[in-house]
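Accompanying notes for the structure given below.
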Amino acid sequence: MIIIVNLIGLLLIVCIIWWFWLAKAKTVHANTDIIRVEVKDGVYSPARIEVPADHPITLEFMRKDNSPCSEYVQFDQLFDKAQGPPFDKAQGPLNINKQLPLNTPYLIKLGKLKPGNYTFTCQMKMYVGELVVK
Amino acid sequence: MRQQDYHLKLINVSCASCVKTIETTLVTIPDIDSFQVNFAQRTLSFNGTANPETVIDALKAVGYTARLQDEQTDKKEEQAYLKKLVRQTVIAGVLGIILLLLGLSPWQPPLTTSTGQLIWIVLGVITAAVIYYAGGHIYKSALKAFLNHHATMDTLITVGTGAAWLYSMIISFMPALVPTNARHVYFEASLIILAFINLGALLERRARGKTSQAIKGLINLQAKTAKRINPDGSEEQVEIEQLLVGDIIRVHPGEKIAVDGEIIEGHSTIDESMLTGESMPVNKKNGDSVFGSTINKTGSFLFKATKVGKDTALAQIITLVQNAQNTKPPIAKLADSVSAYFVPTVIIIAVLTALIWFNLGFSSGFILVAAMSVLIIACPCALGLAAPISVIVGMGKSAEHGILIRNGEALQKASQLDAIILDKTGTITKGEPEVVNIVAKDTIDQQTLLQIAASLEQHSEHPLAHAIVTKARQEKLELKKVDGFEAITGHGIKAVFAEKLVLIGNDKLMRAHHITIDKSAEEADQLASLAQTPIYLAIDGQLAGMISIADPIKAEAKQAIRQLKNMGLSLIMITGDHQKTANAVAAQVGIDQVIAEVLPKDKADQVKKLQANKKIVAMVGDGINDAPALAQADVGFAIGAGTDVAIESADVTLIGSSIQGIVNAIMISKATMRNIKQNLFGAFIYNSIGIPVAAGILYPLIGALLNPMIAGAAMAASSLTVVSNANRLRAFRIKSTRS
């Protein structure tokens, strides 16, 4: 009995590590110019979006969640450490941090991005989304 | 055009399909980065460098009328949300307390009888319904996050309260599973935890609203209406949204100025403290600029609008502050990286806690309480919230004092400075030379000397000439005609005034014309030591007198510099002026280190030199000539920026020209950083003490576990504490005022 319970416990820990850290969210392949991201019930959906490189991207955020946490969406300042900023310097700073209105689509034009993984989160990093440019 | 947010009111959008047309139109405008059309509110907001007029025209072309509007508010929705939170808190709290009291009372239904079991099962079902009502949003969010491989605070609450309910239900159905002394249900814990969490969210929401009060204050500064003078001369009261560039507007004493413009008739004193942070009203006359939202004090005047809507100084300040409020200081990076791993780690700790107590032979109820407390007490929110919330308050606070801090990084750096390099002209001194003394020989009186000098100098472009002419105008002296005006580069000027040859210039000019100035040489030296420049005037080969000109030191400079020194900063004055003049100014204000005779382009090198000694260096300058040095410095302060608030090279822009603004900016950034550190420290300590205590680390000592309901209260209190602590910053007062 003791061994079984301990094994179950350890298995649970392995599952937690695998599920939350190792496994990736379901990827949505987007080929449209405007990709709709719903902000609702504590998540961005889709939470993982794969887009082709050299294709201008616009994210349309639709916030349906009244919690204060969902109010802002921010793209990490250091988009992709290996690749550097996805924008040319001339295009301005990439420090995107936008307040999302409630029940109103909000479009953020990202332009063409270099290949890499770009995460977007809420201020407290509880909402996490990933943009994969390939 | 600058990158900024615009809000337009859509007038004749009648159907939802119009929205599609509008969106299609907007996509074709290249300079719009993001936009949103709200059909319900009939509003359009966009961000970009596009001119709002272009957008309005483009919409007109497809048949829609739009105009710029004030900031929109969704107060109603906010109220409804808060009301719902109150209901959720009360219902969960009341049932939770009833069950808690029942559990403590002698009438507690016994789990040993089937009637007792049935009562608990019914209570469990009622609890489930209330849990769904009070915490449904939390569970739904946790489930969605889980499916997306994310764990959030909602995950912790869901697992914690869910486990308590499930365990209690199992015990109610099959009490035989656990020993008699462990037969206890925990329905009340789930309910009270949810009540606390909802209460925390409610209070946090309220407190959060206050953090942005400074910016709301700025928005509310805007005037609502203006008196426009129509081309036919009639006067009409119009809303400020209707004003266009070129409109003539009348302002009476005590009225708010509607938009930015230039006075074309009349004069007045104007209170610009809301923009510059400087309390002294400013005199304005024909040709001077006036700014929207400032208050006209004494006179009545007409002005021509030069900037309206989102181009006004106030609107730009608001945009700048809003953008800055959304940035984070580098210190927050640690908290950010921790919060990404926080929740799964806490769940793992909860599982380990359960396993440890299980292996030590404790009962299932005990194990549940310990694991549940771990999940409930952990608060990732306080960590993530610590920096942003203080930044919002700090940036707002500084804006109230006419200080615009570009971003979180500048805020942090400004609080860590070792040295400040101050440009002399325009920073320590007013930057506008003035006549400070006139010495006339016996042959002539002071007024005549000044009149002759000004009559010649009115033809010169030299800044010193300007000072003499201004002085003469102040004294209401008539400037006369001169003949044969000639400028002698590096020396001065000469001309014929009333048939006499007049020479005005430095000692070199006098010597070149064999005019003795011996008697005044001593005085001249003395003047130089006071940072004054002597200008000699000779009539027909005879010295007639001397006018000394100086760039006056700002009244508050001495005190501000003393305050900066008291902060432990080393101060260096930098200037292109001669060493002697520079030394004199530095001595007067109390600066020991002087770097003189530096070309503007070399100022950046001086900053670099200091930085090479691992010093965090600030540079204070005018933002135009000093731009390279400001950009090179760790923190560049642009002083006296006036309405040109978006100076690229500056990290901190002081709208006013007072050097006291630097002291204030440093004090506010220090206070904000202190606040952030308190928040971060508090959040880290809270979690690193709270989690082990909840896990039962103190059990061997005190023989009891932390009650999960107390864990819930602590969790709710922790993020509320962070917000409240940030709100304390709002009460921060600049300690010393100008003398």
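A few notes on this one:
- Each label point was placed 7 Å from the Cα along the Cα-to-Cβ direction; for B:SER529 and B:VAL282 their separation is 3.8 nm.
- Taking the Cα atoms of the stretch B:470-523, the ratio Rg/Rh between the radius of gyration and the Kirkwood radius comes to 1.03.
- Volume per residue of the C-alpha convex hull in the stretch B:609-733, rounded to whole Å³: 162 Å³
- With the Kirkwood sum run over all distinct C-alpha pairs, the stretch B:100-183 has a hydrodynamic radius of 14.3 Å.
- Axis angle, to the nearest 10 degrees, between helix B:52-61 and the longest C-alpha principal axis of chain B: 70 degrees.
- Footprinting exposure proxy for B:TYR341, A:TYR44 (fewest neighbouring C-beta atoms within 10 Å first): B:TYR341, A:TYR44
- The radius of gyration of the Cα set in the stretch B:358-449, together with its Dmax, comes out at 32.4, 112 angstrom.
- Long-range HN-HN contacts of B:ILE438 with modeled amide H, under 5 Å: B:SER548
- If you wrap the Cα atoms of the stretch B:662-739 in a convex hull and average its projected area over all directions, you get 6.6 nm².
- For the stretch B:453-606, the Rg and Dmax computed from alpha carbons only, in angstrom: 18.4, 61
- Built from the Cα atoms of the protein assembly as shown, the convex hull projects on average onto 46.3 nm², one quarter of its surface area.
- When peptides B:544-552, B:188-196 are sorted by average Cβ neighbour count within 10 Å, with the highest value leading, the order is B:188-196, B:544-552.
- Acute angle (nearest 10 degrees) that the helix B:16-27 long axis makes with the longest principal axis of chain B, alpha-carbon atoms: 50 degrees
- Size check on the stretch B:376-502: the Cα extents along the three principal axes, sorted descending, read 96, 29, 24 Å.
- Each pair of Cα atoms in chain B enters the Kirkwood radius, and Stokes-Einstein at 20 °C and 1.002 mPa s then converts it into a translational diffusion coefficient of 69 µm²/s.
- Inter-site label distance for B:ASN707 and B:SER234 at 7 Å from Cα along Cβ, in nm: 7.5 nm
- Relative to its Kirkwood radius, the Cα radius of gyration of the stretch B:240-398 gives an Rg/Rh of 1.41.
- Nearest 10 degrees, 0 to 90: helix B:153-173 Cα axis against chain B principal axis: 10 degrees
- Evaluated at q = 0.11, 0.20 Å⁻¹, a Debye calculation over the C-alpha positions of the stretch B:172-272 (equal weights, vacuum) places log10 I(q)/I(0) at -0.60, -1.06.
- Our coupling estimate for the stretch B:566-581, obtained by passing each phi through the Karplus curve with A = 6.51, B = -1.76, C = 1.60 and θ = phi - 60°, is 5, 7, x, 8, 8, 10, 10, 9, 10, 7, x, 5, 5, 3, 4, 4 Hz, Gly and Pro reported as x.
- The stretch A:97-124 and the stretch B:562-619 have Cα centres separated by 44 Å.
- Three-way shape label, the stretch B:227-315, alpha-carbon gyration tensor, a/c 1.5: oblate
Readers should treat all values here as calculations from the given coordinates under stated rules, not as data from a laboratory. Values in this document were obtained by computation on a predicted structure and should not be read as measured data. Glycine gets a Cβ as well: all are built from the backbone with ideal geometry, and neighbour counts include every protein chain shown.
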